[in-house]
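**Q** Questions regarding the structure given below will be posed in turn.
Where a number appears in this text, it was derived from the coordinates with a stated rule and is not lab data. As the structure is a computational prediction, the values presented were derived from the model and not from experiment. In this analysis, Cβ positions are derived from the backbone assuming ideal geometry, glycine residues included, and neighbour counts consider all displayed protein chains.
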Amino acid sequence: MPEIDVNRYWKEIRLRAEEMGARELAMKALLEDAILERNSFAECLTYRLTRKLINHGASVEALHTVFLEAFDAEPIILQQIAQDMDAVQERDPACPDLLTPLIYFKGFQSLVCYRVSHYLWKQGRREIALYLQSLIAETFSVDIHPAARIGSGILLDHATGFVAGETTIIDDDVSILHEVTLGGTGKERGNRHPKVRSGVLLGAGAKILGNVEIGVGAKVGAGSVVLHDVAPYTSVAGVPAKPVGKTHKAAPALDMEHGIEE
C-alpha cells in the first residue's frame, strides 16, 4: 500500500469543521470537542468514536487509552482509515468531503473501531477485543469479528446489518452495501467464512455463506445467497446465486454500478 500523508487529511478535516461550525452554530460544540480542540488525526478519531461507544457502558478513559495505543503502535491503521475515507468520498455521491464520514457515516465509523479491535486481537488481548466488538454491534448495528482480516479502501455503504465472521478475509478496494452477511454454514470450526477479493461489489442484502471465494472484480446482486465460489469478473444473482454474466469493469466496487450485465 503506498504511503499516505495523513496530515493532509487532518488539515482538510479541520478546515471543513471550521467552515461547518461557522455555518451551523448548533454543530459548533460537537466540532470543537471532536476535532478543533484535538492535536492529531489519531486523537480526533479517538474522541469522536469513543464518545459514541461510551453510551453503551464502557469507560471512556479506558477506550481512549486503547484507541491511542493502537494508532501509535501501528501507524498503518491511520493509513488504512485515510484510504477508507477516500473510498467513501469517491464512491458515495452523498459524501462531499472527508469530514462527512467522520461526523455522520456509521459504516466508516464502525470500520475505524473494527481496526482497533483487530489490533487488540493480534496482540492477544482477546477479551477487550471481543468487548469492543460488542460495543460496535450495539452502537452501529455492524458486527465484525475482531479476527476478520479487512484491507483498505473499503466502503461500507449504509452498513446496517453487516456481519463478518471470524475467518472472513476482505481484500482492498471492496464495496459492500447494507445487510450483507459474510457467515458460516453450521457449527464447524476452523476456516469457515468467505474470502472477498479486490474490486468486488456486494449488493444490499447479499448472503455469502461458508469458506467460499468471491473472485477479483466479481459482482453479487442484491438479495442473493452465495454458497459456492464465484469466478473472477463474474456477476451472480439469485437464491441460490448463479452466474448471469461477466462484469464489464475491472473493479465493480469502484463505479458502484449495481445492474447485472448479461
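**Q** Sorted from fewest to most neighbouring beta carbons within 10 Å, what does the list ILE144, ILE170, ILE4 look like?
**A** Starting with the residue having the fewest Cβ neighbours, the order is ILE4, ILE170, ILE144.
**Q** Here's a follow-up. Taking the convex hull of the alpha carbon atoms in the stretch 161-262, what volume per residue do you get, in Å³?
**A** Output value, Cα hull per residue: 77 Å³.
**Q** On full extension of the chain, what length is gained from ARG126 through VAL225, given 0.36 nm per residue of separation minus the C-alpha to C-alpha distance?
**A** 32.5 nm
**Q** For ALA253, what is the net charge nearby, where nearby means another residue's Cβ is under 11 Å from its Cβ and Lys, Arg count +1, Asp, Glu -1?
**A** Here the charged neighbours net out to -3.
**Q** Compute log10 of I(q)/I(0) for the stretch 1-123 with the Debye formula, placing one identical point scatterer on every Cα and leaving out solvent, at q = 0.22 Å⁻¹, to two decimals.
**A** So the normalised log intensities work out to -1.45.
**Q** Next question. What FRET efficiency would be calculated for the residue pair ASP33, GLU166, taking the C-beta separation as r and a Förster radius of 45 Å, to the nearest 0.05?
**A** Once the sixth-power term is evaluated, E becomes 0.80.
**Q** Per DSSP H run of n ≥ 4, the term is -39500 (n - 2.57); total these for the chain, divide by its residue number, and report the mean residue ellipticity at 222 nm rounded to 500 deg cm²/dmol.
**A** After summing the helix terms and dividing by the residues of the chain, the value is -12500 deg cm²/dmol.
**Q** Using a 7 Å offset from the Cα along the Cα-to-Cβ direction at both VAL60 and ASN191, what is the distance between the two label points in nm, to one decimal?
**A** In this crude label model, VAL60 to ASN191 measures out at 4.4 nm.
**Q** Over the stretch 55-169, how many percent of alpha carbon pairs lie in each 5 Å bin up to the one with the longest distance?
**A** 2, 12, 23, 25, 22, 12, 4, 0
**Q** Okay, moving on. Using Cα atoms only, what is the angle between the long axis of helix 76-91 and the major principal axis of the chain, expressed in degrees (0 to 90) to the nearest 10?
**A** In the chain, helix 76-91 runs at an angle near 70 degrees to the longest axis.
**Q** Which parts of the stretch 230-262 would a label at GLU90 reach, counting a residue when its backbone N lies under 17 Å from a point 7 Å out along Cα-to-Cβ?
**A** Those under the cut-off are 249-257.
**Q** Which angle from 0 to 90°, rounded to the nearest 10, does the C-alpha axis of helix 106-122 make with the longest principal axis of the chain?
**A** Its long axis makes an angle of about 90 degrees.
**Q** Related question: At 20 °C and 1.002 mPa s, grab the translational diffusion coefficient of the chain from Stokes-Einstein with a Kirkwood Rh over Cα pairs, rounded to a whole number in µm² per second.
**A** 114
**Q** Using only the alpha-carbon atoms, how far is helix 126-140 inclined from the longest principal axis of the chain? Give it as 0 to 90 degrees, nearest 10.
**A** For 126-140 against the chain, the angle is about 90 degrees.
**Q** Moving to a separate point now. Given springs between every Cα pair under 10 Å in a Gaussian network model of the chain, which of GLY186, GLY223, GLY210 has the largest fluctuation?
**A** Highest fluctuation among the options: GLY186.
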